[in-house]
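Novice: Below are the structure tokens for one structure; questions will follow.
The values are calculated or read from the model by the stated rules, or taken from the named source; none is laboratory data. Being a predicted model, the structure only gives us computed values, none of them experimental. No Cβ is skipped: glycine too gets one built from the backbone with ideal geometry, and neighbour counts run over all protein chains shown.
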Amino acid sequence: MGTSTVLTSSLSVNHSGLNSYICKDRKYRMNSDATSDAIRSNVEHWKQLQDDDYFERHPCYKGLADLGDDTAAAIAPLVTLQPDMKVVVIGCGFGRESAHLAPHVGHIYGIDVNERILDKAVNYLSERSVQNFTPVLADHYKTQIPAGIDFVFSIVVMQHLTRDLVRDYFRSLGEKLAPDGVVLVQFLEELFEGVDRADAELRPYEPSISWTVAQIVQLASDTKLRFVEVRSYLVTPTALWHWARLAPAA
């Protein structure tokens with residue numbers, strides 16, 4: 001789908017397998033005009049959304065459904081999974097991506113906002129005989145996730161968080177990376193003027209916050225990670241997905 005541009009720490013690859021992630025209902029891709037001038041987190045508001053059965057009510061997710069293994073297609077060009085890897089999934093949701101990652105790695109720590117959504121993940125994964133998954137509350141991940149993490153992964157999450165919360169995840173999990181660890185995270189950039197200045201509002205809704213490549217490079221610097229590359233794909237006529245690969249600073 002669309003075209004791809006690769007920018008490394010250098011700017012070609014067509015990327016398929018995104019269809020089940022792309023929601024074309026603009027109602028569910030709203031931007032905020034708010035700006036961030038303090039430490040801000042919308043985790044409490046996401047708890048409300050999950051308590052209200054976010055995935056089951058969302059028109060794009062169709063409930064707790066497996067819509068295909070797009071995870072492997074996204075990861076394969078950038079990261080080679082190994083059977084002894086310790087993996088963190090930021091925003092694991094009901095376990096969809098973790099189900100596809102689990103057979104290829106040693107252990108997965110799935111972070112999400114409350115017990116309601118984590119219980120759904122545990123049940124979803126148990127039904128698929130996944131036994132190497134540990135649910136972790138977002139409020140406690142800094143103490144409950146061990147050091148020596150090999151791979152941090154996230155898809156369709158950063159666009160729903162405040163910018164401060166994104167920075168906090170990158171800074172805190174970056175400190176837990178193994179020396180050869182990798183961070184691979186998807187960011188959204190909607191192609192409208194001013195999106196680089198928007199931040200998530202502190203209310204229970206689904207934000208759609210854009211990150212430009214320049215902002216991702218700065219994010220790496222601010223959180224003491226090393227920017228390796230970003231691969232960008234036109235996923236709708238007005239939106240890019242940036243797959244950013246970061247590593248521990250030398």
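Novice: What number of residues within the stretch 74-99 are at pLDDT 95 or above, among the β-branched types (V, I, T) and either assigned to a helix (DSSP H, G or I) or touching a helix residue (DSSP H, G or I) at 6+ places or on another chain (Cβ under 9 Å) (or both)?
Specialist: Going through the stretch 74-99 one residue at a time, the tally reaches 4.
Novice: Further, regarding this structure: Tell me the residue from D37, D25 that is surrounded by fewer than 14 Cβ atoms within 10 Å (Cβ to Cβ), at pLDDT below 55 and in contact with a Cys (Cβ under 8 Å, 6 or more places away or on another chain), please.
Specialist: Answer to the selection: D25.
Novice: Of all the residues that make up the stretch 106-154, how many are hydroxyl-bearing (S, T, Y) and over 23 Å from G63 (Cβ atoms)?
Specialist: Number satisfying all stated conditions: 4.
Novice: Next question, about the same structure. So is V113 buried (at least 21 other Cβ atoms within 10 Å of the Cβ) and closer than 23 Å to K176 by Cα or not?
Specialist: yes
Novice: Collect the residues in the stretch 38-75 that are in contact with a Leu (Cβ under 7 Å, 6 or more places away or on another chain) and hydroxyl-bearing (S, T, Y), keeping them in residue-number order.
Specialist: Passing the criteria: S41, T71.
Novice: Which of the residues belonging to the stretch 137-156 are surrounded by fewer than 21 Cβ atoms within 10 Å (Cβ to Cβ) and of a type in the set (V, I, T)?
Specialist: Selection gives T143, I145, V156.
Novice: Looking only at the stretch 53-73, count every residue that is assigned to a helix (DSSP H, G or I) and surrounded by 15 or more Cβ atoms within 10 Å (Cβ to Cβ) and tell me the total.
Specialist: 4
Novice: Return the pair list, or none, for Cβ contacts closer than 8 Å from residues in the stretch 65-85 that are small (G, A, S) to residues that are part of a loop (DSSP other than H, G, I, E, B) and loosely packed, with under 14 Cβ neighbours inside 10 Å, at least 6 apart or on different chains.
Specialist: A73/S16
Per-residue answers, yes or no, for (1) more than 18 Å from T236 (Cβ to Cβ); (2) not in a strand (DSSP E or B):
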| position | (1), (2) |
| --- | --- |
| D168 | yes, yes |
| R171 | yes, yes |
| P179 | yes, no |
| E189 | no, no |
| E193 | no, yes |
| R203 | yes, yes |
| I209 | no, yes |
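Novice: Which residues, taken from the stretch 205-232, are closer than 30 Å to D53 by Cβ and either modelled with pLDDT under 95 or over 16 Å from the mean Cα position of the chain (by Cα) (or both)?
Specialist: The one that is closer than 30 Å to D53 by Cβ and either modelled with pLDDT under 95 or over 16 Å from the mean Cα position of the chain (by Cα) (or both): Y205.
Novice: Within the stretch 170-204, count every residue that is in contact with a strand residue (DSSP E or B) (Cβ under 6 Å, 6 or more places away or on another chain) and farther than 19 Å from S221 by Cα.
Specialist: 5
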